[in-house]
Amino acid sequence: MLKKIFSERGSAIAGLALALPMFLGLMLGVADLGRGYMTYIAMSNAAREGARWITLHPTDRPGGISRATDEISAVGIHPGSYNIIVTPSKSKYTQDDIVEVRVEYDYDILFGAIPTLKDFTFVVKATMRVMYDPEWELS
């Protein structure tokens, strides 16, 4: 019988040391992609909700911003870390005005764990036409 020259006792640990960083990087990337998609969907809903509110309540621009803020805050994004921009900026909209609500947010890639990776700016907008004239209200 030939005697074994090399031992295989450390090969499993060496394989783990090579595969584990790749596996963890893949898992973090998948989690980050999911978190980014969730953020994008929340921003899209916020922009749509704000625009819809303004088209139905043309004299309540702050209410539209509040609705958009409530929608985006539901996923844990803190106020002040995103911008909600309504154009045109009026206190009262009239029938057939076009309202655009734009939501901007700087998304930290990989949970901000790697400082050299730049953040990613999400910009989502929703555009709707005002179908209701506030002059139609009955007094």
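Rule-based calculations on the coordinates, nothing more; no lab input. What you see is a predicted model; the values in this text were computed from it and never measured. Quick reminder, even Gly has a Cβ in these numbers, built from the backbone with ideal geometry, and neighbours come from all protein chains shown.
A few comments on the model shown:
- Computed over neighbours whose Cβ is under 11 Å from that of residue 99, the net charge equals +3, Lys and Arg +1, Asp and Glu -1.
- Vicinal HN-Hα couplings computed from phi for the stretch 39-53 (Karplus, 6.51 cos²θ - 1.76 cosθ + 1.60; Hz; Gly/Pro x): 5, 4, 5, 5, 5, 5, 5, 5, 5, 5, 5, x, 5, 5, 4
- Student exercise, the stretch 27-91 dipole from Lys, Arg, Asp, Glu Cβ charges, in Debye to nearest 20: 180
- Axis of helix 61-73 versus longest Cα principal axis of the chain: the two differ by about 20°, to the nearest ten degrees.
- Cβ-defined net charge surrounding residue 45, 12 Å radius [Lys, Arg +1; Asp, Glu -1]: 0
- Normalised alpha carbon radius of gyration of the chain [divisor 2.2 N^0.38 Å]: 1.77
- Electrostatic dipole magnitude of the stretch 12-136 [Cβ: Lys, Arg +1; Asp, Glu -1; Cα centre; debye, to 20]: 100
- Farthest toward positive dipole pole in the chain [+1 Lys/Arg, -1 Asp/Glu at C-beta], among 98, 53, 78: 78
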